[in-house]
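Please read the structure below before turning to the comments.
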Amino acid sequence: MSDFFQARLRRLVRWNQATLVVVLLLILAGGIVRSSGSGMGCPDWPLCFGQVIPPLVESDLPANYQEIYAERGYADTRFNALKTWTEYLNRLLGAVTGLMVLVQAVLAFLLYRSRPVSMAVSVSSSSALNGSLSGAGVSGGTAFLAALLALVLVLVQGGIGAWVVASHLKGSVVTLHLALAWVLMGVQVGLGVHLSGRPTQAWSLSRLEALSLAVWLLLLIVQLFLGAGVREAVDAWTPVYATDVFGMRVLGGVYLAHKNLWMLIMLGGAWLAYRLWTQCADAQARFWSLLAMASLTLQVVSGLWMVLGALPAVPRTLHVLLGSLALVGALGWTFRVLALHRAARP
């Protein structure tokens with residue numbers, strides 16, 4: 001029975017990791033849709049121009065299709081094959097994500113049925129996410145609840161996607177759509193850290209370290225939402241070319257806060273990473289910290305690229321993806337350090 005449980009656990013671990021990658025690809029696809037102005041490439045949902053598979057040329061649509069969509073509240077609708085298929089492929093990737101999360105829930109349920117209580121298992125893997133672990137303390141029940149939550153989030157996300165289209169890309173609704181993707185991403189990371197098992201070593205955090213990590217994670221989340229607020233402001237803003245990195249026209253207080261908060265986040269993250277690497281040899285915690293700090297560094301570079309280049313599409317897309325990767329790293333870092341801290345308890 002133990003070997004049977006371990007086989008199912010390994011399968012779920014691999015599927016969880018693959019699903020997290022697909023969620024990140026979906027966020028990237030959403031960034032491409034946003035930066036390319038393809039959000040209304042399909043003016044209806046879940047169909048696209050009333051079809052399961054949209055046409056390649058405008059002549060395949062009814063001659064009066066613009067009048068039809070004008071009556072539905074979509075004035076000046078014009079078919080653009082590139083924008084339509086960009087949005088359509090984004091939706092297809094969303095459907096693939098939903099299917100993967102569904103399969104993940106089934107695999108988690110099978111894991112729960114094979115051993116519904118906590119037990120010690122051994123998971124051998126060369127992955128940086130699973131290295132140097134005993135695998136003890138994996139609960140099939142906890143894994144199933146997390147996988148079920150991910151499935152619920154995907155279903156809600158589908159409804160929010162329909163709302164995005166119905167609202168004509170209203171900024172606050174788009175931000176909600178992205179935020180829910182971040183929550184889904186966090187659930188995936190939490191599930192993955194849980195499946196990796198109890199650490200073979202321990203690290204007892206001081207109160208200062210624990211508080212600093214919590215505050216740093218909170219500031220990073222605030223920074224991401226400030227970035228979303230800047231994006232909403234940019235949507236209604238005519239770009240003004242910057243003369244230098246600090247000469248860009250300020251888009252209100254939200255931009256000023258977003259521009260300056262990154263310095264505190266980088267300094268705080270560097271200090272926390274230093275404390276981790278000098279006091280703890282846990283491979284998984286180090287991996288997550290490297291992912292977070294590398295992503296944050298590259299995100300700063302993409303931000304400078306946006307400012308100096310007057311908001312070109314490529315760095316705007318990368319900025320969203322790198323921010324999401326930084327959050328993945330920060331959440332994995334936090335979850336793993338908490339597991340190390342619990343392992344230090346008598």
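List of remarks:
- Filtering segment 1-23 to residues that are surrounded by 13 or more Cβ atoms within 10 Å (Cβ to Cβ) and hydroxyl-bearing (Ser, Thr, Tyr) leaves only Thr19.
- Annotation: of all residues in segment 148-164 being under 19 Å from Asn90 (Cα atoms) and either touching a His at 6+ places or on another chain (Cβ under 6 Å) or free of Cβ contacts under 8 Å to residues at least 24 places away in the same chain (or both), the one that is surrounded by the fewest Cβ atoms within 10 Å (Cβ to Cβ) is Gly159.
- Failed condition for Asn260, given (1) in contact (Cβ under 8 Å) with a residue 60 or more places away in the chain; (2) surrounded by fewer than 18 Cβ atoms within 10 Å (Cβ to Cβ); (3) in a helix (DSSP H, G or I): (1)
- Qualifying residue in segment 42-59 (condition: assigned to a helix (DSSP H, G or I), of a type outside the set (Ser, Thr, Tyr) and modelled with pLDDT under 95): yes
- For the criterion of being assigned by TED's automatic domain parsing to the domain that holds Tyr88 and either in contact with a helix residue (DSSP H, G or I) (Cβ under 9 Å, 6 or more places away or on another chain) or among the small types (Gly, Ala, Ser) (or both), Glu58 passes.
- For segment 281-316, filtering for residues that are surrounded by fewer than 22 Cβ atoms within 10 Å (Cβ to Cβ) and either at pLDDT 90 or above or not assigned by TED's automatic domain parsing to the domain that holds Ala339 (or both) leaves 14.
- Residue check for Thr278: surrounded by fewer than 21 Cβ atoms within 10 Å (Cβ to Cβ), of a type in the set (S, T, N, Q), under 18 Å from the mean Cα position of the chain (by Cα) and in a helix (DSSP H, G or I): no
- Residue list for segment 300-323, restricted to those being free of Cβ contacts under 8 Å to residues at least 24 places away in the same chain and more than 18 Å from the chain's Cα centre (by Cα): Val301, Trp305, Met306, Gly309, Pro312
The values are calculated or read from the model by the stated rules, or taken from the named source; none is laboratory data. What you see is a predicted model; the values in this text were computed from it and never measured. Every residue, glycine as well, gets a Cβ built from its backbone with ideal geometry; the counts of neighbours run over all protein chains shown.
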